[in-house]
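Participant: One structure, as structure tokens, below. Some questions next.
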């Protein structure tokens with residue numbers, strides 16, 4: 001059975017409280033997998049990309065919690081700002 005909250009006509013799944021979000025453990029220098037967030041004009045031909053974290057940014061209230069990352073795409077070299085929830089995996093020892 002799915003746990004969640006019914007809102008209007010939709011259903012919002014709730015994360016298991018025992019699961020720690022991946023982005024809480026991300027730091028500069030780490031290699032990560034990022035879920036591709038298609039922009040309006042892009043073809044949806046990419047599911048994910050790999051990048052190296054350059055900078056971690058956090059809110060003023062708690063600078064230990066990062067909600068934005070500056071990540072360099074390892075294939076193109078392009079540097080992108082990424083919302084923390086798009087980071088799906090940290091690659092060990094890369």
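Participant: Tell me, rounded to the nearest percent, the portion of alpha carbon pairs in region 21-91 spaced more than 15 Å apart.
Facilitator: 50
Participant: If each residue of separation counts as 0.36 nm, what is the full-extension length gain between residue 48 and residue 70 once their alpha-carbon separation is subtracted?
Facilitator: Once the chain is fully extended between residue 48 and residue 70, it gains 6.3 nm.
Participant: Follow-up. So for the pair residue 78, residue 25, with labels modelled 7 Å out along Cα→Cβ, what separation do we get in nm?
Facilitator: About 2.9 nm, to one decimal.
Just so you know, all these numbers are worked out from the coordinates, no wet-lab data involved. Note that the structure is predicted; figures quoted are calculated from it, not measured. Every residue, glycine as well, gets a Cβ built from its backbone with ideal geometry; the counts of neighbours run over all protein chains shown.
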